[in-house]
1. Among (1) closer than 27 Å to residue 41 by Cβ; (2) in a helix (DSSP H, G or I), which single condition is residue 137 missing?
2. So, residue 146, is that one of a type in the set (Gly, Ala, Ser), touching a Leu at 6+ places or on another chain (Cβ under 7 Å), without any contact (Cβ under 8 Å) to a residue 40 or more places away in the chain and outside any strand (DSSP E or B) or not?
3. At least 1 residues that are within 15 Å of the ligand (Cβ to nearest atom) and among the polar types (S, T, N, Q) in each: list the strands (runs of 3 or more DSSP E) lying fully within segment 1-45 that qualify.
4. Any residue at all in segment 159-182 that is modelled with pLDDT of 95 or more, within 13 Å of the ligand (Cβ to nearest atom) and in a loop (DSSP other than H, G, I, E, B)?
5. Among all residue pairs at least 6 apart or on different chains, which show Cβ distances below 9 Å where the first residue, located in segment 77-106, is under 20 Å from residue 223 (Cα atoms) and the second is among the charged types (D, E, K, R)?
6. Those residues that are within 15 Å of residue 232 (Cα to Cα), open to solvent by 70 Å² or more (accessible area, probe 1.4 Å) and hydroxyl-bearing (Ser, Thr, Tyr), I need them from segment 70-104; list them, please.
7. Out of the residues in segment 1-45 that are over 16 Å from the mean Cα position of the chain (by Cα) and among the small types (Gly, Ala, Ser), state the one that is least open to solvent (accessible area, probe 1.4 Å).
8. Please specify each residue of segment 105-140 satisfying the condition of being within 16 Å of the ligand (Cβ to nearest atom), in contact with a strand residue (DSSP E or B) (Cβ under 8 Å, 6 or more places away or on another chain), open to solvent by less than 10 Å² (accessible area, probe 1.4 Å) and not aromatic (Phe, Trp, Tyr).
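The values are calculated or read from the model by the stated rules, or taken from the named source; none is laboratory data. Values in this document were obtained by computation on a predicted structure and should not be read as measured data. Every residue, glycine among them, receives a Cβ derived from its backbone with ideal geometry; neighbour counts consider all protein chains shown. SASA here: full protein model, heavy atoms, side chains in, ligands and nucleic acids out. Shrake-Rupley method; radii C 1.70, N 1.55, O 1.52, S 1.80 Å.
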Amino acid sequence: MSLTVVGSIAFDSVRTPFGERERMLGGSAVHFALAASFFTDVHVVGPVGDDFGEEHFELLRTRGVDVADIERVAGGETFFWRGHYDYDLNVAHTEDTQLNVFGEFEPKLSDASRAADVLFLANIQPDLQREVRGQCENARLGALDSMNLWIETARESLTAAIHEVDCLILNDAEIRMLTEQPNLARAARAIMELGPRVVIAKQGEYGAAMFTPTGFFALPGFPLDDVRDPTGAGDSFAGGFLGYLDGAAERLEDGHLLLDDAILRRAMAHGTVLASFNVEAFGTERVSTLKRDEIDARLGELRGMTHFA
Ligand code: AMP
């Protein structure tokens, strides 16, 4: 059992009504890997520049994340994102995106990354997601996230990438935008016609809704007194969700994960809890020091609140 993720590895400059940070460690693959690392072995794939310090590698290593496929490009600069949130923390306002080393990246995966059972194509240019999907032939469960930028600028590649995965995890507004369908239930069915059999609509502080061929399940966001920075909440949700599935799902004879509605619902709870820790502090500050017993305690609270077994 192990999980490979490709996605942005970034420096983020973020302002929220509760403070700001310059060039903190971020990126979809980083937030995802930290969350998933509580439940399974994680390999991260992606490039960084000379500006990516040993302390950033070390933070990932401390959580047991395999960084062998993080390639340092000499003379290059790490992906950079600048954004802010107003009081509606569900809406990120992008001010600047610099792909930098991702512009030229050609992934060459190690045997360990290729051999993973579960593959997460976190938010990045969809052609790059497809290249990594092609190299991970053994992956029995493939999942994908994306964003409005790629729906607007690379729709065809993104549709082809979605065709190659089993699970789509996307913001609800982006699911509507991608399918040009305002009704979320119809939009989820339209996605299933492209290939994925599990569709998760992320809904910010309102939680997440999951559509499968046989069921529907939704969980609210965990109610918190202090939310400081929502950046990476979606990726932490995906990391909790897929990390838990990789660690806990029974395997069928052909190696596929047995994904019934019961385990998918438990995975939703794990995603919800990891996302809730992520938003309590800026960037990776909270999740990088998180302990397993804190996760278990909050899972128990969530169960108590929602009467969800
Ligand atoms: P989210 O979970 O949606 O809040 O994702 C937050 C992360 O997405 C940040 O850490 C950013 O570095 C990263 N990000 C922002 N824009 C992009 C983009 N165009 N492609 C890939 N990653 C991005």
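1. Status for residue 137: all satisfied but (2).
2. On the way: of a type in the set (Gly, Ala, Ser): yes; touching a Leu at 6+ places or on another chain (Cβ under 7 Å): yes; without any contact (Cβ under 8 Å) to a residue 40 or more places away in the chain: yes; outside any strand (DSSP E or B): yes.
For residue 146, the condition - of a type in the set (Gly, Ala, Ser), touching a Leu at 6+ places or on another chain (Cβ under 7 Å), without any contact (Cβ under 8 Å) to a residue 40 or more places away in the chain and outside any strand (DSSP E or B) - is met.
3. On the way: elements: 3-6, 10-16, 19-26.
Ranges flagged: 10-16.
4. No, there is no match, as no residue in segment 159-182 is modelled with pLDDT of 95 or more, within 13 Å of the ligand (Cβ to nearest atom) and in a loop (DSSP other than H, G, I, E, B).
5. Filtered contacts from segment 77-106: 85/15; 85/229; 89/205; 89/229; 90/205.
6. Scanning segment 70-104 gives a single hit, 94.
7. If we take residues in segment 1-45 being over 16 Å from the mean Cα position of the chain (by Cα) and among the small types (Gly, Ala, Ser), then 13 is least open to solvent (accessible area, probe 1.4 Å).
8. 107, 121, 122, 124, 129, 132
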